[in-house]
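One structure below.
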Amino acid sequence: MKLIITGPPGAGKGTMSTFIKNEYKIPHLSTGDILRDEIKKETELGVFAKTLIDKGNFVPDDTIVKIVEKTISSLDSYLLDGFPRSLSQAEIFEKMLLLNQLELTGVIYLNEKKETLIKRLSNRLVCSNCSAIYNKETKKPLKANTCDNCEHSLVQREDDKPEFLEKRLDIYYAKTEPMLNFYRKRNLLYEIESGLSISEQYSQLQIILEMIRK
Ligand code: AP5
Ligand code: MG
């Protein structure tokens, strides 16, 4: 399957992607994770991206498209998380698929209310080593501040600091939300309602994936 998972910051894209990757054995490609990895390694791209990401701004389309093209060129199934995230990126991606005579299987849209998103992002912790996602309220690690998988310490993402949350959400509503209609018109958008727990959200997702994989 060739899938996109989209939705506002904090909707649960990363959390759901981990379940999908494990159950359906589909490679998970998060442009946010790729960029954060470059930042950690202090590469030229990482140094450039850090100035934008930490404050909640987008990285330019041509930079992102190069990363995606390089990563998916050898894959026959993938789950894209965080790309495309604007109408212009969706159009570029559609051209990329057409050129290679490929079709998208579906776009999963995780809907969530703004107040819930702010609460989740303020309480999110991520592993400093493997990037596993936790939450101080809704997904606590077994041992305080320690990753269940690799036992490294948990940290707050720079862009989850309160001063950047509203801005990231504003950018989402201005630039990413208009992209949803692009996929709705093509009958590719599958929406998961807001207000669900992590397990309820995944149950809905499984129903959708079982339906569209046929
Ligand atoms: P990215 O890493 O993609 O960040 P984002 O889109 O802001 O999304 P998040 O990762 O913050 O949220 P999520 O939906 O994955 O939620 P999560 O599962 O962690 O991008 C970061 C930055 O990189 C961008 O701002 C931009 O600068 C740059 N970038 C990336 N792609 C780009 C592109 N294509 N073009 C340009 N720039 C790009 O969950 C959140 C929290 O909630 C966790 O604590 C989790 O435990 C909890 N939680 C999840 N689901 C539930 C639930 N159902 N109930 C209760 N708690 C839940
Ligand atoms: Mg994420």
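All of the numbers you see were taken from the coordinates with simple rules; none came from a lab. Keep in mind it's a predicted model, so treat the numbers as computed, not measured. Please note: Cβ atoms are built from the backbone with ideal geometry, for glycine as well, and neighbour counts cover all protein chains shown.
Quick look at the values:
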{"quantity": "Stretchable slack from Lys55 to Asn145, in nm (0.36 nm times residue separation minus alpha-carbon distance)", "calculated": "30.0 nm"}
{"quantity": "Distance violations [Cα-Cα > 32 Å] among Lys25/Lys136; Lys41/Lys214; Lys140/Lys214; Lys41/Lys119; Lys161/Lys185", "calculated": "Lys41/Lys214; Lys140/Lys214; Lys161/Lys185"}
{"quantity": "Length-normalised contact order of segment 116-156 in % [C-alpha pairs under 8 Å, at least 6 apart]", "calculated": "38 percent"}
{"quantity": "Sorted peptide list for 7-14, 190-197, criterion being average Cβ within 10 angstrom, highest first", "calculated": "7-14, 190-197"}
{"quantity": "Fully extended contour minus Cα-Cα distance, from Arg213 to Val47, at 0.36 nm per residue", "calculated": "55.8 nm"}
{"quantity": "Inter-part distance where segment 170-206 and segment 1-52 are each reduced to a Cα centre, Å", "calculated": "17 Å"}
{"quantity": "Per-residue [θ]222 nm for the chain (sum of -39500 (n - 2.57) over DSSP H runs n ≥ 4, rounded to 500)", "calculated": "-14000 deg cm²/dmol"}
{"quantity": "Built amide H within the under 5 Å cut-off of Gly106, gap 5+", "calculated": "Lys2, Ile4"}
{"quantity": "Debye log10 I(q)/I(0) at q = 0.16 Å⁻¹ for the chain, Cα point scatterers", "calculated": "-1.19"}
{"quantity": "Sorted peptide list for 177-183, 57-63, criterion being average Cβ within 10 angstrom, highest first", "calculated": "177-183, 57-63"}
{"quantity": "Counting all C-alpha pairs of segment 24-150, share separated by more than 25 Å (%)", "calculated": "36 percent"}
{"quantity": "Rel. contact order, % - alpha carbon contacts under 8 angstrom, at least six apart, segment 1-90", "calculated": "47 percent"}
{"quantity": "Separation between Cα centres of segment 119-151 and segment 68-106, rounded to whole Å", "calculated": "30 Å"}
